[in-house]
1. Across the stretch 311-347, which residue is modelled with the lowest pLDDT among those that are of a type in the set (V, I, T) and within 30 Å of C217 (Cβ to Cβ)?
2. For the stretch 411-431, how many residues are over 27 Å from the mean Cα position of the chain (by Cα), open to solvent by 40 Å² or more (accessible area, probe 1.4 Å) and not polar (S, T, N, Q)?
3. Restricting attention to the stretch 304-314, and to residues there that are open to solvent by less than 40 Å² (accessible area, probe 1.4 Å) and out of contact with any Ser or Thr (no Cβ under 6 Å at 6 or more places or on another chain), which single residue is farthest from L208 (Cα to Cα)?
4. Just give me the residues in the stretch 509-518 being part of a strand (DSSP E or B) and open to solvent by less than 40 Å² (accessible area, probe 1.4 Å), in sequence order.
5. Quick one: how many residues across the stretch 524-547 are open to solvent by less than 10 Å² (accessible area, probe 1.4 Å), hydrophobic (A, V, I, L, M, F, W, C) and more than 13 Å from I477 (Cα to Cα)?
6. When both residues are 6+ apart or on different chains and their Cβ atoms are under 9 Å apart, which pairs have a first residue that lies in the stretch 472-499 and is farther than 25 Å from K524 by Cβ and open to solvent by 40 Å² or more (accessible area, probe 1.4 Å), and a second that is assigned to a helix (DSSP H, G or I) and at pLDDT 85 or above?
7. Going through the stretch 388-411 one residue at a time, which ones are over 27 Å from V546 (Cα atoms) and of a type outside the set (S, T, N, Q)?
8. Among E53, E159, E91, which is the only one that is modelled with pLDDT of 90 or more, within 30 Å of Y319 (Cβ to Cβ), of a type in the set (D, E, K, R) and open to solvent by less than 80 Å² (accessible area, probe 1.4 Å)?
Amino acid sequence: LKMSWFWLYLPLHLLMATCLCHSIKAPTTSSQQSFKTDLFNFYHSLILADGKETTVHLLKDIPKRYYFVLEEGRVLAPFSITVTPCDVPIEWSILVYKSPPGFPGKATPGDHDTQEVSKSQKAPSMVSTIFNYKGNSVETYMGMSSHSALYLLEFLSTERDTHITVYLTTDTTSGHLYPELPMDPRIDVIGIGHTTVTLTWKHSPSVLQHRESIQYCLLVNEKHNYKSLCAAETAIRSSGMKLPPTLALSLSPYLLEPQQVMILSNSELSIINKVSSGEVRQVCMGSRNTYTVPNLSPSTQYYFDVFIVNLLTNASAAYTGTFARTLEEPEPKVTELKDGKVIHVVLDGKKQKFYSLQYQARHKKIHFTFQLCQGQIRVHVTRNGKTVASENLSGLRYLSLKGKLLDTYLVQLRSTEESNSSVKVQASPHFHKPLFPLLPESLKIKSFSKLRTCRSVTIAWLGTQEESKYCVYRKRIEEDQIWRELQSADRCSGPESRHKSEKVLCKYFYDLNLQRAVTTETIKGLEAGTFYLFDVYLFGPSGIPVRYHSKVVKTRKKC
């Protein structure tokens, strides 16, 4: 009788283990081997916490086991288990060890040995697999136990090392860790444009009940849909990025990585991750269930996933993802180039769009002239659809091409930097009178340090074999203005944009011997210890100027 009371005070999981120990004594060899394995599994398992989400790390081909116990005292004990794979598909199952009728503690002293043998013979019926699954979807098992039982969960990854989250709860009446999804969890695409997609989805019951602590977050990528926020974060990390935790999607502050861009406007947080497979965008928009995704690329397929996130617990639930392809970009407007006419093109660096010019040849030889005014520009030229030239422009560029009569040339220009860029373009027959003057080998201005004084500076520049007009201008600047002046200089602008007081002189010169086609000029009347910006303009027969590269010189402070 005393032994019976001892059994009653044992915890259920020790009781189960004792039962397994007794069962090993059974005379049947197969039963012995089976329960030795069960006992080994039990003692190499971890306790699964109730009411808490647990992260489980799995090594390839090595199973991991957790157990939990449903205690006596309740007629019906409901419970649920939710498993979220965060990467590759996994296998998982639930095994139950049930207490058989007449378990030790209810036995009489006289027949204890007999019952012990009979229990070992009946023991195999105590263990059963009640659930198993293989895949990468979020799965929830809901069960009901009418008596005490020990449950064993086994997880296995056969593809590679991975991690999952597991949530067990035996309290199904006091709310849910995970936000609830609506009866129809699909995302609907209600509008598609060239660079936008408009989405809508049905409200989660959780948002309607707990508006302040629940919000929607959208993930956009060009690869595929994700079945959980955990899986999406893992995929982004595996592409070489460090991603903030899930709570980052709930507007919590954190440090962004160099590959990330964060945009906060109108109470929306947008995080753009630059990865090898394209951009991955995360946008949280509070409790709104309609959103237009902006700034997409034309003719591109995007995948959209909406997650409902609990800001208090970090738990999330995923709507059924969708995808859409943006419309093709309309054909750009083409400007017609006419013989000898100069077109000044200004390009918006932020939009990164091509500006197209078309020219139909009336002669076999064609001459294109490009004068880069500001910024950086890439030019692409095709003849009847085939590429004949593609390069970055620098200064003044002449491009001579030979083809057939009525060939169609398409010139496409694009800014290669975010700031605005501009260029002048001319197309004409090869024998046409040149628009720009004959240029020297270099457009650099040289200054002589040894010839500098407190009141004067001597500069030099190259000329050509053609007699041309050269005009020199100067401008006093501060030291902190030098970089801005040099970067913002419009190389296409002529002296008409300068103040009259900045003009120093104009002169003509040339030399048939290019080795001697050099001129110098000493500019006097300057102030000591002062920075000056010097410019030289070259005028050809057409009167259109070419600006040499600006030169900054500082006069001596003491003489």
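1. Step by step, filter the stretch 311-347, then rank; the result is T313.
2. 3
3. For the stretch 304-314, the residue satisfying everything is D305.
4. Listed by number, the list holds a single entry, F509.
5. 3
6. Pairs that qualify, where the first residue is farther than 25 Å from K524 by Cβ and open to solvent by 40 Å² or more (accessible area, probe 1.4 Å) and the partner is assigned to a helix (DSSP H, G or I) and at pLDDT 85 or above, are D490/S497.
7. G403, K404, L405, L406, D407 - these are the residues of the stretch 388-411 that are over 27 Å from V546 (Cα atoms) and of a type outside the set (S, T, N, Q).
8. Just a single option satisfies the conditions, and that option is E91.
The values are calculated or read from the model by the stated rules, or taken from the named source; none is laboratory data. Remember, it's a predicted structure, so these values are computed and weren't measured experimentally. Quick reminder, even Gly has a Cβ in these numbers, built from the backbone with ideal geometry, and neighbours come from all protein chains shown. For the accessible areas, the whole protein counts, side chains as well, though only heavy atoms, and no ligand, DNA or RNA atoms are used. Shrake-Rupley method; radii C 1.70, N 1.55, O 1.52, S 1.80 Å.
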